[in-house]
Amino acid sequence: MSITAAEGFVAAGCHAGIKRRKFDMALIATEDGRPVPCAAVFTQNKFAAPPVELDRATLAANGGKAAAIIVNSGNANAGTGAPGYKNAQLMAAATGEALQIANSHVMVCSTGIIGTPLPMAPILHATPRLAHKLSVDGAHDAARGILTTDHQAKEVVIKGSTFTLGGMAKGCGMIAPNMATMLAFLTTDADVSRSVMQKALKAASDATFNTLNVDGATSTNDTAMLLASGKRGRADPQEFADAVLAACRELTMMMARDAEGMTRIAHLTVTGAKTNEEARTAAKNIVENNLVKCSWYGGDPYWGRLMAAAGSAGVDMSVAKSFVAYGGIKVAKGGVGIQHDGQSLSEHMMGDEVEIEVHLGAGHGHARMIGIDLGPGYIKENSKTS
């Protein structure tokens, strides 16, 4: 039931006609129509889409509450200016009317192609149908309705000692660690304050969504939201934060494994940086480097590319104290290759997931990032979506 596993929530998804055949709309709502605390984090892209701007303004004006989230896929309503903002407002208004709730308690999210006006006729026609379909059993349909180039729905349920947390997400391309290019929605029946929710969601996003880097592209529509019905009473704040982190971690790995054209995931750790921020900068430079990504696709432990990428990141590095390891096997030290177990290394490199450490020798800073290989599948996917 994912997004409806927590008490107090219903959901639905449908094919509205934005896409040719696949589901392209979803609706999440409180079962009784009442607004509940809503925490949110959004894209850091300055070219944010109108739905993001509307949601930011709505939450700021209503004190951080929501009773429904309406989502369309197939069209991002980004690069659409004032008419796009008006269309986002119309989506909120249509949802409010269909559910008999205030527009000011409706969140709006869109994902898909940038720069094309929303096809409002099918959206407005489908919204009452979605409202009528709302049920506890509608979670999977909703998870299908938010997908774009994803190959499968991404859903998670975390059981706490006194509460349940459910979630769903989409994202497999245009993903970079500025929250990652994605939509993610979480619901819980825990009774927690919005400040606790916001802190937990922000920390979880930093530790999970923000470590995933598929192609270095930061979307215009990134949004993660967390709603709490409070139906099962007070929850321990630390246990709740841990549950949010666990849910976001699972959704992050689902997105990584469904990344456009992905054949291999790289779990990169940069150590020995002057600061954690410099480690993060180096890690980002490494996982976005196309030569590095191509070597991952080929299962090639080409450590020189890793060091070259780190060395061009503008961070402190002591080559004499540096090393590179794949799967715990050191292949380079002090800037030169060293003897190692070639058979074990080859076996590790041909796995679906590769562990890499790049030590910069400049301090004690460290950072982790999840990278994806680059092969023909990614190029094929993205050459046909423009």
Exercise. Is it possible to state the helix-based mean residue ellipticity at 222 nm for the chain, with each DSSP H run of 4+ residues giving -39500 (n - 2.57), the sum divided by total residues, to the nearest 500 deg cm²/dmol? What is it?
Worked result: -10500 deg cm²/dmol
Problem set entry | Hull-based mean projected area of the stretch 243-282, where the convex hull spans the alpha carbons, in square nanometres | 4.0
Problem set entry | Separation in nanometres of the label points that stand 7 Å from Cα toward Cβ, at Ile379 and Asp242 | 4.7
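Rounding to the nearest 20 debye, state how big the charge dipole of the chain is about its Cα centre with +1 on each Lys and Arg Cβ and -1 on each Asp and Glu Cβ.
Values: 35 positive and 35 negative charges, 129 e Å.
Here the size comes out at about 620 debye.
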Exercise. Quick one: length gained pulling Ala61 to Lys86 fully straight, 0.36 nm per residue minus the C-alpha distance?
Worked result: 7.3 nm
Exercise. How far is it, in nm, from the label point at His132 to the one at Arg21 when both lie 7 Å from their Cα along the line to the Cβ?
Worked result: 2.6
Seminar exercise, completed: Of 72-82, 54-64, ordering from highest average Cβ density within 10 Å down gives 72-82, 54-64
Exercise. Angle, helix 276-287 long axis vs. longest principal axis of the chain, Cα atoms, 0 to 90°, nearest 10?
Worked result: 90
Seminar exercise, completed: Each label sits 7 Å from Cα toward the beta-carbon; between Asp206 and Lys159 the label points are separated, in nm, by 3.2
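Among DSSP beta bridges lying fully in the stretch 265-382, give the percent that are antiparallel, nearest 5. Kindly include the intermediate steps, with their values, before the conclusion.
On the way: 17 of 24 bridges.
So the antiparallel bridges amount to about 70 percent of the total.
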For this session: Report the local net charge at Phe42: Lys and Arg +1, Asp and Glu -1, summed over other residues whose C-beta lies under 13 Å from its C-beta.
Result: 0
Exercise. Which of (i) 39.9, 177; (ii) 36.8, 121; (iii) 21.7, 70 is the computed Rg and Dmax of the Cα atoms in Å for the structure on display?
Worked result: (iii)
For this session: Please give every one of the lysines within straight-line cross-link reach of Lys199, meaning a C-alpha to C-alpha distance under 18 Å, and leave out same-chain neighbours fewer than 8 residues apart.
Result: Lys65
Problem set entry | Computed lengthening from Ala93 to Arg234, 0.36 nm per intervening residue step minus Cα-Cα distance | 47.5 nm
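Please report the net charge: other residues with Cβ closer than 10 Å to the Cβ of Ala143, K and R +1, D and E -1.
Neighbour charge sum, excluding Ala143 itself: 0.
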Exercise. What residues from the stretch 302-343 fall in the zone where the backbone N is under 13 Å from a label point 7 Å along the Cα-to-C-beta line of Leu291?
Worked result: 302-313
Seminar exercise, completed: Taking a straight Cα-to-Cα line shorter than 17 Å from Lys19, and setting aside same-chain lysines fewer than 8 residues away, one finds Lys170, Lys384
Exercise. If you count the DSSP beta bridges with both ends in the chain, what percent of them are antiparallel, to the nearest 5?
Worked result: 65
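Throughout, read-outs are computed from the coordinates displayed, never taken from laboratory work. Predicted model only: the values in this text are computed from it and were never measured. Backbone-built Cβ (ideal geometry, glycine too); neighbour counts: all protein chains shown.
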